[in-house]
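To start, the structure under review is shown below, and the notes come after it.
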Amino acid sequence: MSRTILSVDVGIKNFCYCFYDADEGRILEWARLAIEKEGKMLLIPRLVHFLERFKREHKEITERASVVVIEQQMASNMRIM
C-alpha cells in the first residue's frame, strides 16, 4: 500500500484538498469546493455538515489516506504582522 497524504484547507467559503501519493511523488487529485450557505445555519454546524458530506462522497480518498494534514488558520489578530 502506498503512502498517501490528504491535505485540507477548510475556510469559511471554500474547502480545498490535495490527495498526494508520497511514494510516486505525484498529486492524485485536488480541488477547491464551495461551501454552500444553508439558510441561517451557523458556521460550525455548516462546516461539520459539509465535511460529513465530503467524507461520504469521497470515501475512496478518505479511506486510502495514510495521513491527513489540516491547515491551521492564522488568528485574525496575527494577520496584521
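The values are calculated or read from the model by the stated rules, or taken from the named source; none is laboratory data. None of these values were measured; they are calculated from a predicted model. As a convention, Cβ positions derive from the backbone with ideal geometry for all residues, glycine included, and neighbour counts pool all protein chains shown. In case anyone asks, the SASA skips ligands and DNA or RNA and just uses the protein heavy atoms, side chains included. Shrake-Rupley method; radii C 1.70, N 1.55, O 1.52, S 1.80 Å.
Details
- Candidates G25, L6, L43 compared by Cα position along the dipole of the chain: farthest toward the positive end lies L43, with charges placed on Cβ.
- Additional length obtainable on full extension of the chain from E36 to D23, 0.36 nm per residue less Cα span: 1.2 nm
- Think of each Lys and Arg Cβ as +1 and each Asp and Glu Cβ as -1; about the Cα centre, that makes the dipole of segment 2-65 roughly 340 debye.
- The accessible surface of the chain, taken with every protein chain in place and a 1.4 Å probe, is 57 percent carbon and sulfur.
- Å² per residue, accessible surface of segment 1-55 at 1.4 Å: 70
- Whole-number percent relative contact order across the chain, with pairs defined as alpha carbons under 8 Å at least 6 apart: 35
- Coarse-grained scattering of the chain at q = 0.19, 0.21, 0.22, 0.25 Å⁻¹, given as base-10 log I(q)/I(0) from a Debye sum over alpha-carbon atoms: -0.89, -1.00, -1.06, -1.22
- Cα gyration tensor shape for segment 14-56, rounded if a/c is under 1.5, else prolate or oblate: prolate
- Over the chain, DSSP H runs of length four or greater, each weighted -39,500 (n - 2.57), average out per residue to a 222 nm ellipticity of -7500 deg cm²/dmol.
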